[in-house]
1. Amide H to amide H, which residues 5 or more places from Phe281 or on other chains are under 5 Å from it, using H placed in the peptide plane?
2. Got a sec to turn the phi values of region 228-240 into Karplus ³J(HN,Hα) couplings, 6.51 cos²θ - 1.76 cosθ + 1.60 with θ = phi - 60°, whole Hz, x for Gly and Pro?
3. Which of the trypsin sites (Lys or Arg not before Pro) found in region 94-154 are in a DSSP loop and have at most 16 neighbouring Cβ atoms, other than their own, within 10 Å?
4. So what's the net charge close to Trp257: Lys and Arg +1, Asp and Glu -1, counting the other residues with Cβ under 10 Å from its Cβ?
5. May I ask you to list the trypsin sites (Lys or Arg not before Pro) in region 1-79 that are in a DSSP loop and have at most 15 other Cβ atoms within 10 Å of their Cβ?
6. If the chain between Ser118 and Leu21 were fully stretched, how many nm would it gain, using 0.36 nm times the residue separation less the Cα-Cα distance?
7. Loop-only GluC sites (Glu not before Pro) in region 71-120, please: DSSP not H, G, I, E or B, and at most 12 other Cβ atoms within 10 Å.
8. Can you put Trp257, Trp235 in order, fewest other beta carbons within 10 Å first?
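Just so it is clear, none of the values below were taken in a lab; they were calculated from the coordinates. Just so you know, these numbers come straight off a predicted model, no measurement behind them. Every residue, glycine among them, receives a Cβ derived from its backbone with ideal geometry; neighbour counts consider all protein chains shown.
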Amino acid sequence: MYNGLFTVDFHTHIQDANTQLSLCPEDTRSSVFQLTNPIFERVANVSEPLHDVIARFIAMNYRGDISRYIYSKLGKIGLMECLRLFKTYGIEKLVEKMNQNGIDHSVIHSIEPLTCTSNIIELAAPYKGRFSIFASVDKNLEDHQAYIRPFIEAGTISGIKLHPIVGRYACGELYFRMKDVVQLAEEHDLPVMIHTGHIPVGNLSRLDGCTEAQALEPLLKAFPRVKFILAHIGWESWRQIIKLALRYPNVYVETSWQPAKIIRRSVDRLGAGRVLFGSDFPLFNQKLALQQVQEALSAREFVEVASINALRLLKINRPSQLARPFEQRDELIS
């Protein structure tokens, strides 16, 4: 627990058997990558305490056109770091970090074809009560509902994840490709998490999906009963994402990769009841992500953002000791 509060990280990932093979395969199989990556891993494993803080600070605070151009030119280094983090921080490390940071429960998101839903479920199974799983689907499957429905019927997933960039969805096809999956979420009252924000990796293969916030609107409008969570508050597109959320009361935002000042603005505009704490572990430091949320919010708001909102969406029964240190906890939860 974090200061006595049952705390939920709504956005984490782990590596499965597919990850190292599925992420940008043309790049990772190149001779230059094969020669360079082992050296990069050895150096980065040593320098991580320093470079992690610096890299995350830059990514949180510099999102302009020049910054994104520079990031895109460093795409292969970013790919090496991403793969290193997935390799280094498996589910055991996630549990270890959760214990260190006072996180009681985390949502692990599958991103097919990068990570396989059934593999994630299997890896999380020994840690009963610590994880909820959001399933995903490869857009090229013939029958999306037939793939997702068995997970729902087995009670092994708690929501759906859509990642337009990794899934390689063109902006114009997102609604038509994914409406059957969202219909299934509506049928079973499951939340849907959608990645938002541009990933500046233009020189990498197979990361060319839609990054435009406006492309999400047809889904949000067509399914007003579905609770959508827009990840990262849009990163550099946070203004557009907050405007979307203001138009659609079924939309929540998730805080990973955002500094305290943007989290504060989101709560001011949407209210604490529509904001969820997330870290994007292992791609972002869970402790740093939690600190940004705590810095941005009052104690009352923190209870909602880091606990109550997630428990409601995930349909997790409230622990009796949910928010012992906060005087208004009974009013908040009622």
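1. Here the answer is His13, since their amide H atoms fall under 5 Å of that of Phe281.
2. Ordered by residue, 3J(HN,Hα) equals 9, 10, 9, 5, 6, 6, x, 6, 6, 9, 4, 4, 5 Hz.
3. Here the sparse-neighbourhood loop sites are Lys128.
4. Its environment carries a net charge of -1.
5. Those that pass, being in a loop and sparsely packed, are Arg29.
6. Residue separation times 0.36 nm, minus the Cα-Cα distance, leaves 33.2 nm.
7. Passing both the DSSP loop test and the Cβ count: no residue.
8. Arranged by neighbour count, lowest to highest, Trp257, Trp235 become Trp235, Trp257.
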